[in-house]
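The values are calculated or read from the model by the stated rules, or taken from the named source; none is laboratory data. Bear in mind the structure is a predicted one, so any value in this text is a computation, not a measurement. As a convention, Cβ positions derive from the backbone with ideal geometry for all residues, glycine included, and neighbour counts pool all protein chains shown.
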């Protein structure tokens, strides 16, 4: 039976409208999506666990609810995937690591409960690299996850499976997590609309410094729709924000007079590729032409601040590594093993110094961005690299040199979105990062939606829905 990619790759907004007028059923959409997954998954490798029988039963239940005019919520019947580190009762959580004995949670994470309460059809759990500490789809447990644009290219990470699923047409809604760029990096390298929400906006069951969860989608409107569900309160997260009424559908924005910062030099890390810098600068030029006030943002990080964060993470992962018996330590991805072993010799005083540097990073980020309503920057300094490569800069201890634009907003707790804004000459997507003031998630999404609507035609993704071996022609403006 031929795949109806028109059903499988509809936006969530369109799906629910068609469920409501009964021109399409949740079961029809589910079955179309499953056919796409069957065809593409052997190459893309996005899933850790697929729940085909359960998801079809959920789609059938949704079909009955729509037939009775009683949908559970705004995503009733819409296919959703959840990253493997988002707890689902009874589903093992190996954190992408062959050396780990997977935790089997007894209850769902808040995110899982919110999705199910809203009627989302959970297709399964998507993969991640070892402990989520790689910006690629390379995992000692899962192997390599590949880009739907070209299987030779990385997906980015650590929300690698979620990104591959979103770009690959596995339904419209996908949830990832982000501690230094793990939602936004797949966003830029896969052409997606994403949001790293404000700290505490989406309740977690395992909150941690800088950690958050959020949507990876093809459109900003779908990201906003998913935020309507994910941001609902849950008392299990003692760090979460108080309940707040936000009209996530109110995405219109008049940019005339808004203050826009243009941040093209992180002050640390690798050099920004010319194609990436040019694409981001073009977004700023569009905003300025529409009446926004655009001003440069000077570099506000230093190599020492980024190195402090890197060592802090190394020590954290080393404690997990050291807790494994030797035979299981040998199963950890060699790159991650070597990276975290650097943390073995860090003294308590040095770790405290790293923590203090993180606080300095937070202060510097807030101070540098406060004068602006939004700040535009690259997501990463480089375009997509080889799928088998663990990191953009894999040698000489330079592994984290690509997170100078993303990690500051994890530490400051500010929201940051991505939307595609161009392509390299050989067709690799380029995203722009749009950050805002703390708690202004809706403002960031509004700006992202404006860019999505006003970007040049050559920057609009022509999604690679034809298959995993057919590479789309490079999209270069004439």
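At a glance:
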quantity: Search result, residues across region 23-69 that are in contact with a helix residue (DSSP H, G or I) (Cβ under 7 Å, 6 or more places away or on another chain), farther than 18 Å from residue 124 by Cα and either at pLDDT below 95 or assigned to a loop (DSSP other than H, G, I, E, B) (or both); calculated: 24, 25
quantity: Helices (runs of 4 or more DSSP H) (entirely within region 315-379) containing at least 2 residues that are crowded, with 21+ Cβ neighbours inside 10 Å; calculated: 334-341, 348-369
quantity: Some residue of region 101-112 being closer than 25 Å to residue 315 by Cβ, in the same structural domain as residue 226 (by TED's automatic domain parsing), touching a strand residue (DSSP E or B) at 6+ places or on another chain (Cβ under 7 Å) and in a loop (DSSP other than H, G, I, E, B); calculated: yes
quantity: Scope region 198-228; condition surrounded by 24 or more Cβ atoms within 10 Å (Cβ to Cβ) and either without any contact (Cβ under 8 Å) to a residue 40 or more places away in the chain or not assigned by TED's automatic domain parsing to the domain that holds residue 167 (or both); matching residues; calculated: 214
quantity: Region 139-152, residues that are crowded, with 24+ Cβ neighbours inside 10 Å and closer than 22 Å to residue 430 by Cβ; calculated: 145, 146, 147, 148, 149
quantity: Failed condition for residue 160, given (1) within 15 Å of residue 214 (Cβ to Cβ); (2) crowded, with 24+ Cβ neighbours inside 10 Å; (3) touching a strand residue (DSSP E or B) at 6+ places or on another chain (Cβ under 8 Å); calculated: (1)
quantity: Selected residue (only one of 400, 411 is more than 26 Å from residue 293 (Cβ to Cβ), touching a residue at least 60 places away in the same chain (Cβ under 8 Å), touching a helix residue (DSSP H, G or I) at 6+ places or on another chain (Cβ under 8 Å) and outside any loop (DSSP other than H, G, I, E, B)); calculated: 411
quantity: Failed condition for residue 289, given (1) within 21 Å of the chain's Cα centre (by Cα); (2) farther than 26 Å from residue 162 by Cα; calculated: (1)
quantity: Test: residue 240 is farther than 16 Å from residue 403 by Cβ, free of Cβ contacts under 8 Å to residues at least 40 places away in the same chain, in a loop (DSSP other than H, G, I, E, B) and not assigned by TED's automatic domain parsing to the domain that holds residue 449; calculated: no
quantity: Filter result for residue 308 (within 27 Å of residue 133 (Cα to Cα) and not assigned by TED's automatic domain parsing to the domain that holds residue 392); calculated: yes
